[in-house]
Amino acid sequence: MRLSGRITAAAGAALAVLGTLLVSGSTAVSAAPAPRPGVQDTFDSLGPDVKAAELSTGRTAHYIDEGRRGGTPVLFIGGTGTSARAAHMTDFFRTTRENLGLRLISVERNGFGDTEYDKSLGKADFAKDALEVLDRLGVGKVSVIAISGGGPYAAELAARAPGRIQALHLAAALPPYGTKPAYCGLSDDALADAVKDSIADPRSWWAFPDDSAVKSIPGFADTAYEEGARTYNQRGQKADPAPQVHEQRLYCERPGPDLSKLKAPVYLYGGEKDTTVPPATLATWREALPVTPVVRTYADSGHDVQYRHWDQILVDLAGHGDRTVVCHGDRTKLMAPKQADRLVAAGKATLGSCAWQR
């Protein structure tokens, strides 16, 4: 009985162990409880929706409106060859934008993306359309951020409605003042021939140098290519160069609009390696502006300064222009400019979010 009892106890123990094991050949795997379902209750954003508004002129404006309705309104004017959805290319700092309470609005320009091409329209028409869209959205004063070829349009808007500009931010922005671009002497056919191949291939249009900081942003290149395809093919226009040629002709117009009534603060951002909108253009802007701008130049940037230092631009747009974004001690911090400059000069901090260092 005792022996039988021992055998029975051992067998019971073995059976208990076997009950917790799945044996496959010589490999034993512990049977873990099935994980609880983790399906989310809301959708994640795939980027901004492009909306349409019938304007008093009879034209249809296409625009985006991203962010909390009560947030600080910001009008984003993208570079040449961009659609209303180009602001999506800055979503690598979406969390920062949302934390700062910024509401990002962008109005599409003539002939790009969803917007029909009308060769009779100029920069003043864009300014009128943008102001009407802002009216429809209930936005009075607005901060403006213009990138690259968006500069001339921002100037037009600021001249037309200076009292509605909360602050003007110009990042590697082309000025409609000073010397005309070299291509202005080309015929329309020659200009179309010069741009047609690059706009037909978004990878060429959005090519950045190998050392560009944007290469470290996950998915940036493909997002840019998608934006290029949208800009030039969305309506089935098959990369027709006419809208691009028309816009570049508008960049040749001189003199630029009179900014003498603008009282809002102005921020200028430039990359010292920029060959598209060279650093010398910052002086051109200063001469045209009636206020003394805050000028931020960066030795680490070329024509990608608007992306590499988008973190600082967001902070400035939120009204914290008296602070500098730095990475110090593996943490991103906002510091007084003198303290930030001292730490950067000593090699103890770098400009911008720590995301750029990882």
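Against the criterion of being assigned to a helix (DSSP H, G or I), surrounded by 21 or more Cβ atoms within 10 Å (Cβ to Cβ) and under 20 Å from the mean Cα position of the chain (by Cα), GLY228 qualifies.
Okay, residues lined up against (1) in contact with an Asp or Glu (Cβ under 6 Å, 6 or more places away or on another chain); (2) under 21 Å from ILE145 (Cβ atoms); (3) surrounded by 21 or more Cβ atoms within 10 Å (Cβ to Cβ):
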{"position": "LYS238", "(1), (2), (3)": "no, no, no"}
{"position": "GLU253", "(1), (2), (3)": "no, no, no"}
{"position": "PRO265", "(1), (2), (3)": "no, yes, no"}
{"position": "VAL291", "(1), (2), (3)": "no, yes, no"}
{"position": "HIS303", "(1), (2), (3)": "yes, yes, yes"}
{"position": "VAL315", "(1), (2), (3)": "no, yes, no"}
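Counting just the residues of region 191-207 that are in a helix (DSSP H, G or I) and open to solvent by 40 Å² or more (accessible area, probe 1.4 Å), which one comes out farthest from SER353 (Cα to Cα)? Per the criteria, the residue is ASP193.
Yes or no, residue by residue, for (1) touching a Ser or Thr at 6+ places or on another chain (Cβ under 6 Å); (2) in a helix (DSSP H, G or I); (3) under 12 Å from SER83 (Cα atoms):
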site: TYR232; (1), (2), (3): no, yes, yes
site: HIS246; (1), (2), (3): no, yes, no
site: CYS252; (1), (2), (3): no, no, no
site: LEU262; (1), (2), (3): no, no, no
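Taken over region 208-224, the criterion of being open to solvent by less than 70 Å² (accessible area, probe 1.4 Å) and of a type outside the set (S, T, N, Q) is satisfied by PHE208, ALA213, VAL214, ILE217, GLY219, PHE220, ALA221, ALA224. Listed by first and then second residue, the pairs linking a residue in region 146-168 that is within 13 Å of PHE126 (Cα to Cα) and without any contact (Cβ under 8 Å) to a residue 60 or more places away in the chain to a residue that is assigned to a helix (DSSP H, G or I) and open to solvent by 10 Å² or more (accessible area, probe 1.4 Å), with Cβ atoms under 7 Å apart and 6 or more places separating them unless they lie on different chains, are ALA161/LEU131.
Results for (1) in contact with a Pro (Cβ under 9 Å, 6 or more places away or on another chain); (2) polar (S, T, N, Q); (3) touching a residue at least 12 places away in the same chain (Cβ under 8 Å); (4) at positive phi, shown as yes or no for each residue.
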site: THR82; (1), (2), (3), (4): no, yes, yes, no
site: ALA87; (1), (2), (3), (4): yes, no, yes, no
site: THR90; (1), (2), (3), (4): no, yes, yes, no
site: GLU98; (1), (2), (3), (4): no, no, yes, no
site: LEU102; (1), (2), (3), (4): yes, no, yes, no
site: ILE105; (1), (2), (3), (4): yes, no, yes, no
site: ARG109; (1), (2), (3), (4): yes, no, yes, no
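Filtering region 290-308 for residues that are more than 21 Å from the chain's Cα centre (by Cα) and basic (Lys, Arg) leaves an empty set. Scanning region 335-358 for residues that are over 14 Å from HIS309 (Cβ atoms), at pLDDT 95 or above and not in a helix (DSSP H, G or I) yields a count of 6. Taking the listed residues ASP322, ASP311, the one that is closer than 22 Å to ASP91 by Cβ and among the charged types (D, E, K, R) is ASP311, with no other qualifying. Being closer than 27 Å to PRO218 by Cα and either basic (Lys, Arg) or open to solvent by less than 60 Å² (accessible area, probe 1.4 Å) (or both) holds for only one residue in ALA355, ALA336, and it is ALA355.
Considering each residue of region 211-223 in turn, at least one proves to be in a loop (DSSP other than H, G, I, E, B) and closer than 19 Å to GLY270 by Cα.
In this structure, ASP274 does not qualify as of a type outside the set (S, T, N, Q), open to solvent by 20 Å² or more (accessible area, probe 1.4 Å) and out of contact with any Leu (no Cβ under 7 Å at 6 or more places or on another chain).
The values are calculated or read from the model by the stated rules, or taken from the named source; none is laboratory data. From a predicted model like this one, the values you see are computed outputs, not experimental measurements. Cβ: placed from backbone, ideal geometry, glycine included. Neighbour counts: every protein chain shown. Ligands, DNA and RNA are excluded from the accessible area calculation, which covers all protein heavy atoms including side chains. Shrake-Rupley method; radii C 1.70, N 1.55, O 1.52, S 1.80 Å.
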